[in-house]
Amino acid sequence: MVLLAIADAKYHFIMCDFGTNGRISDGGVLKNTIFHEKLKNNLFNIPQPDRIRNSDINVPYVFVVDDAFPLTENMMKPFKQAQLTSVNRKIFNYRLSRARRIIENAFGILVARFRIFHTAINLKPEHIDSVVMACCVLHNFLLDMVPSSYAPPECFDRENTSEGTILTGYEAQNDHTYGLNRSNLGKPPRSAKELREDFMRYFANEGQVPWQQDCI
């Protein structure tokens, strides 16, 4: 059973969708979620495209995703390893993965704190949904009420920008929880590829950070 979630910059889950059958191919998981339905029907109230800071480029707001999801105008994913043919593309992947660590750590904290995710959940399928969603709600509550004990610093990825190294925080991977695999999702639309190039150029120029060259 698949848990798909969106996290904000403070590791809170702002949308959770649970229950898609894990036997569905990874490429079909997204299409069976409320997230996909709302995104397709413009029900998320996503702000209109806006100008990036210190730039004249107007781009839409996007969800940062991994390679299990399609590249679209609403979802930015990294270049595949074989496509990393330039420094700018490597910088883009670094900057995107740096943002994506938020959701990865959020899942890691959830799984570490709620031990039910460390075993097969011995409940009827219709009851598992309530348990998982309750854990996600409690995750947000505990982050707000007791952040130092629920999510101490070791929970989060820590980056040494002067050395270009990363000390990883909590991850969700174990014998009973694992991420979706890379999928063959077809050819992305040209507009999405051009948008990714816009972000890439921005990260390499006016939007660069001083340490990115040491981290690719």
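The values are calculated or read from the model by the stated rules, or taken from the named source; none is laboratory data. Note that the structure is predicted; figures quoted are calculated from it, not measured. Backbone-built Cβ (ideal geometry, glycine too); neighbour counts: all protein chains shown. In case anyone asks, the SASA skips ligands and DNA or RNA and just uses the protein heavy atoms, side chains included. Shrake-Rupley method; radii C 1.70, N 1.55, O 1.52, S 1.80 Å.
Here are some notes:
- A search for C-beta distances below 7 Å between a residue of the range 108-133 that is of a type outside the set (A, V, I, L, M, F, W, C) and any residue that is assigned to a loop (DSSP other than H, G, I, E, B), counting only pairs 6+ apart in sequence or on different chains, returns Gly108/Gly169; Gly108/Tyr170; Gly108/Glu171; Gly108/Ala172; His118/Asn174; His118/His176; Thr119/His176.
- Residue within the range 41-57 that is within 26 Å of Phe203 (Cα to Cα) and within 18 Å of the chain's Cα centre (by Cα) present: yes
- Among the residues listed as Leu96, Leu142, Leu123, the single one being farther than 24 Å from Trp211 by Cα and either charged (D, E, K, R) or assigned to a helix (DSSP H, G or I) (or both): Leu142
- Test result for Ala99, at pLDDT 90 or above, under 23 Å from His139 (Cβ atoms) and loosely packed, with under 13 Cβ neighbours inside 10 Å: yes
- Where Glu194 falls short, out of the listed (1) of a type outside the set (A, V, I, L, M); (2) crowded, with 17+ Cβ neighbours inside 10 Å; (3) within 29 Å of Asp50 (Cβ to Cβ): (2)
- Against the numbered list (1) open to solvent by less than 40 Å² (accessible area, probe 1.4 Å); (2) of a type outside the set (D, E, K, R); (3) modelled with pLDDT under 90, Ile216 comes up short only at (1).
- Taken together, the residues in the range 68-85 that are over 18 Å from the mean Cα position of the chain (by Cα), open to solvent by less than 40 Å² (accessible area, probe 1.4 Å) and either of a type in the set (Asp, Glu) or under 13 Å from Glu197 (Cβ atoms) (or both) amount to 0.
- Put simply, of Ile91, Ile6, Ile14 the only residue that is open to solvent by 40 Å² or more (accessible area, probe 1.4 Å) and hydrophobic (A, V, I, L, M, F, W, C) is Ile14.
- Positions within the range 157-172 being in a loop (DSSP other than H, G, I, E, B) and either loosely packed, with under 12 Cβ neighbours inside 10 Å or over 16 Å from the mean Cα position of the chain (by Cα) (or both), in sequence order: Thr161, Ser162, Glu163, Gly164
- The set of residues from the range 31-61 being within 21 Å of Leu3 (Cβ to Cβ) and of a type outside the set (Phe, Trp, Tyr) comprises Lys31, Asn32, Thr33, Ile34, His36, Glu37, Lys38, Leu39, Lys40, Leu43.
- With respect to the stated conditions, Pro188 is over 19 Å from Arg100 (Cα atoms) and surrounded by 14 or more Cβ atoms within 10 Å (Cβ to Cβ).
- Just one of the listed residues (Asn21, Asn45, Asn54) is in contact (Cβ under 8 Å) with a residue 40 or more places away in the chain and either open to solvent by 50 Å² or more (accessible area, probe 1.4 Å) or among the small types (Gly, Ala, Ser) (or both), namely Asn54.
- Test: residue in the range 65-76 that is of a type in the set (Gly, Ala, Ser), within 21 Å of Gly186 (Cβ to Cβ) and modelled with pLDDT under 85: yes
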